[in-house]
Every structure is written in C-alpha cells, then in structure tokens.
C-alpha cells in the first residue's frame, strides 16, 4: 500500500524548471490565452470550496468529540 504514496512524487517530484515551462506552454497552446483566466478562476473557486468543506468536516468532528467527552464525563460523575 505504501508504494501508492510515492505516485505523486514520481509524477511531479522530479520535474525541473524547464519541464514546467514546457507544460505551461502546452496548456497555453491547448486552451489559448483567453481561456486561461477562466480556468484559473474555476480552479481557485474549486480549491476554496474544497478547503471550506474540509473546515466544516473538521468542525463537525471536533464538536462530535466534545459531545462524546462531555457525555462520558457526565456518566462517570453520575456513576460515582
């Protein structure tokens, strides 16, 4: 299972400066200069939504943990 964790490194970890320039030029040729700002805007919006969803899930998990801890402390104190 640990060999799957090396995939991002194998795909992106060995790329140098020239490789990224060539990749950006290919993207520019494929989509054109007019579409790149739209693509970047969409990508940014997607990243913001993803981070917001992660934050919501973390807050929900934290509140669930606090609720369970409060229930456990009430049970222990009422059992004594």
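Every Cα-Cα pair of region 33-80 was included, and the share exceeding 16 Å stands at 62 percent. Remark: spin-label model distance residue 40-residue 66 equals 3.9 nm, labels positioned 7 Å along the Cα→Cβ axis.
Read-outs: derived from the displayed coordinates by stated rules, not from any lab. Just so you know, these numbers come straight off a predicted model, no measurement behind them. Reconstructed Cβ throughout: ideal geometry from the backbone, glycine too, with neighbour counts over all protein chains shown.
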